[in-house]
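Just below is one structure, and these are the notes that go with it.
The values are calculated or read from the model by the stated rules, or taken from the named source; none is laboratory data. The structure presented is a predicted model; accordingly, all values stated were derived computationally and were not measured. Neighbour counts run over all protein chains shown; Cβ positions are idealised from the backbone, glycine included. All accessible areas refer to the heavy atoms of the entire protein, side chains included, with ligands and DNA or RNA removed. Shrake-Rupley method; radii C 1.70, N 1.55, O 1.52, S 1.80 Å.
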Amino acid sequence: MGLIKAITGAAGGVLADQWKEFIYCDSLPNDILMVKGQKRTSSRSSNTKGEENIISNGSGIAVADGQCMIIVEQGKVVDFCAEPGQFTYDASTEPSIFAGSLGESIIESFKQIGRRFTYGGDTGKDQRVYYFNTKEILDNKFGTPTPISFRVVDSRINFDVDVSLRCNGTYTFRLTDPLKFYTNIAGNAGDSYSKDELAVTMKTEFISALGPALAKLSLLELRPNQIPAHTNELEKFLNEELSGEWGARGIGDVKVAINPPTLTEEDQEMLKTAQKTAMYRDPTMAGATLVGAQADAMRAAASNEAGAMTGFMGMGMAMNQGGVNAQNLFAMGQQQQAQQAAPTPAADGWKCACGAVNTGKFCAECGAKKPEDNSWKCACGAVCTGKFCPECGAKKPASKCDKCGWEPEAGAPTPKFCPECGDPF
């Protein structure tokens with residue numbers, strides 16, 4: 001009885017699987033990354049008794065926009081399609097009399113009955129179609145559970161300090177390589193694979209990459225409140241940091257929407273104090289502030305309980321002890337402005353060690369060669385010759401790109417990024 005049942009099952013199964021299948025996938029929601037394809041059947045269909053995981057030769061497979069399809073046979077990926085349209089699978093190991101030469105198909109069908117008979121009438125085969133969601137996967141929220149260190153740099157005032165900030169927002173990603181995703185993550189996952197199964201791991205790795213990405217962003221000398229305006233740079237740095245772990249899973253193309261970071265009250269007060277102090281580096285601004293303080297002092301002296309005269313005497317003694325007055329500060333400011341507005345001497349004019357003034361490359365009196373000019377102009381306006389500005393302490397800017405060797409023209413301001421390769425100066 002067992003042999004009769006096996007031969008009957010083998011013959012019936014092969015005949016039932018002669019029909020071509022039409023396999024499709026409904027629209028994939030945002031939270032589904034991979035799903036198994038469905039065979040379309042209806043009340044008018046006669047293809048209702050075929051095996052679930054058998055794809056007859058010549059079957060049609062529909063692929064929609066935003067989807068990618070793979071065919072897996074016996075656990076191995078045997079075909080792949082990422083273009084929208086209908087795909088005809090004509091390399092199946094399951095014969096059909098409705099595909100190819102009729103005579104050859106009949107012979108192969110009888111061979112298939114013999115193979116199934118050896119498996120007791122079962123197929124002894126597994127063929128599946130999987131669809132992948134290649135659209136942008138949206139609405140992945142993140143937040144920093146602990147503060148992230150961010151370096152605040154302002155070379156104009158020689159300011160360099162680390163602050164602690166918290167930030168939150170959302171990020172998106174794509175399946176950039178479905179084959180890697182299936183091989184390393186979702187292989188043999190059953191009917192579907194959702195992003196919730198990866199959410200905790202991805203969020204942890206995203207937060208870990210956010211720290212180094214913000215560290216690279218701080219090299220642009222940004223303030224914390226400017227970070228949301230530089231998401232393009234932040235996305236670039238995040239993709240670089242995540243390319244290892246996520247790239248091996250076939251995930252990439254990360255995009256970020258970040259809310260303004262929050263600082264501790266101590267760090268906020270420190271930055272405000274530093275900004276106010278930097279403002280007083282300008283003598284004119286310091287003089288105006290002093291005038292405002294003197295006006296407040298005069299109003300306070302006029303309302304002194306011991307008499308206005310006593311108040312003004314105390315104010316005068318304090319001003320005499322100060323060592324500087326507003327007029328001196330205004331004069332210093334005007335002197336700096338005059339120095340900045342004064343025309344620079346001719347670039348070709350230079351004075352030799354022998355005392356002669358020359359315009360050529362060699363001294364007309366002693367023949368000495370014109371010395372090289374290593375001077376540079378700081379952002380504060382001072383002309384410097386060393387590695388640091390003697391006025392504000394700023395470091396001499398790089399003269400050329402250390403990656404591609406590009407050099408700015410003489411007198412041109414140094415950019416933050418190399419226009420040739422994009423590397424930070």
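Taking segment 223-234, which residues are without any contact (Cβ under 8 Å) to a residue 40 or more places away in the chain and more than 19 Å from residue 136 (Cα to Cα)?
Residues satisfying the conditions are 225, 226, 228, 229, 230, 233.
Go through (1) exposed (fewer than 15 other Cβ atoms within 10 Å of the Cβ); (2) touching a strand residue (DSSP E or B) at 6+ places or on another chain (Cβ under 9 Å); (3) within 22 Å of residue 29 (Cβ to Cβ) and name the single condition residue 74 misses.
Just one mismatch for residue 74, condition (3).
Give me the pairs, please: first residue somewhere in segment 83-97 and under 14 Å from residue 129 (Cα atoms) and at pLDDT 80 or above, second residue anywhere and open to solvent by less than 20 Å² (accessible area, probe 1.4 Å) and hydroxyl-bearing (Ser, Thr, Tyr), beta-carbon distance under 6 Å, and either six or more positions apart or on two chains.
Pairs found: 89/59.
Specify the residue that is nearest to residue 181 (Cα to Cα); the eligible residues are those in segment 57-74 that are part of a loop (DSSP other than H, G, I, E, B) and either at pLDDT below 85 or charged (D, E, K, R) (or both).
Only one residue fits best here, namely 65.
Can you tell me how many residues within segment 354-382 are exposed (fewer than 13 other Cβ atoms within 10 Å of the Cβ) and closer than 20 Å to residue 415 by Cα?
So the answer is 2.
Of all residues in segment 156-178 being polar (S, T, N, Q) and assigned to a strand (DSSP E or B), which is farthest from residue 76 (Cα to Cα)?
So in segment 156-178, the residues polar (S, T, N, Q) come out as 158, 164, 168, 170, 172, 176.
With assigned to a strand (DSSP E or B) added as a condition, the list becomes 164, 168, 170, 172.
On the way: 164: 49, 168: 41, 170: 36, 172: 30 Å.
Checked segment 156-178; the qualifying residue farthest from residue 76 (Cα to Cα) is 164.
So, of the residues in segment 398-416 that are open to solvent by 60 Å² or more (accessible area, probe 1.4 Å) and under 18 Å from residue 154 (Cβ atoms), which turns out to be modelled with the highest pLDDT?
416
List pairs: first in segment 370-390 and of a type in the set (Lys, Arg), second assigned to a strand (DSSP E or B), Cβ under 8 Å, 6+ apart or cross-chain?
370/350; 370/358; 370/362; 377/383; 377/384; 387/395
Answer with yes or no whether residue 158 is surrounded by 14 or more Cβ atoms within 10 Å (Cβ to Cβ), more than 21 Å from the chain's Cα centre (by Cα) and at pLDDT 90 or above.
So residue 158 fails the test.
Can you tell me which of (1) part of a loop (DSSP other than H, G, I, E, B); (2) surrounded by 15 or more Cβ atoms within 10 Å (Cβ to Cβ); (3) modelled with pLDDT of 90 or more is the one residue 145 doesn't meet?
Exception for residue 145: condition (2).
If the Cβ limit is 8 Å and pairs must be 6+ apart or interchain, which residue in segment 235-253 that is closer than 13 Å to residue 206 by Cβ pairs with which residue that is open to solvent by 60 Å² or more (accessible area, probe 1.4 Å) and part of a strand (DSSP E or B)?
235/255; 239/253; 251/174; 252/174
State the number of residues belonging to segment 216-241 that are surrounded by 18 or more Cβ atoms within 10 Å (Cβ to Cβ) and in contact with a Phe, Trp or Tyr (Cβ under 7 Å, 6 or more places away or on another chain).
Total satisfying the criteria: 3.
Out of all the residues in segment 206-215, which are open to solvent by 10 Å² or more (accessible area, probe 1.4 Å) and touching a residue at least 60 places away in the same chain (Cβ under 8 Å)?
Correct list: 207, 211, 215.
Test residue 192 against the stated conditions and say whether it is under 25 Å from residue 130 (Cβ atoms), of a type in the set (S, T, N, Q), surrounded by 15 or more Cβ atoms within 10 Å (Cβ to Cβ) and at pLDDT below 95. Before the answer, list the steps.
Details: under 25 Å from residue 130 (Cβ atoms): yes; of a type in the set (S, T, N, Q): yes; surrounded by 15 or more Cβ atoms within 10 Å (Cβ to Cβ): yes; at pLDDT below 95: yes.
Yes; evaluated as a whole, the condition is true for this residue.
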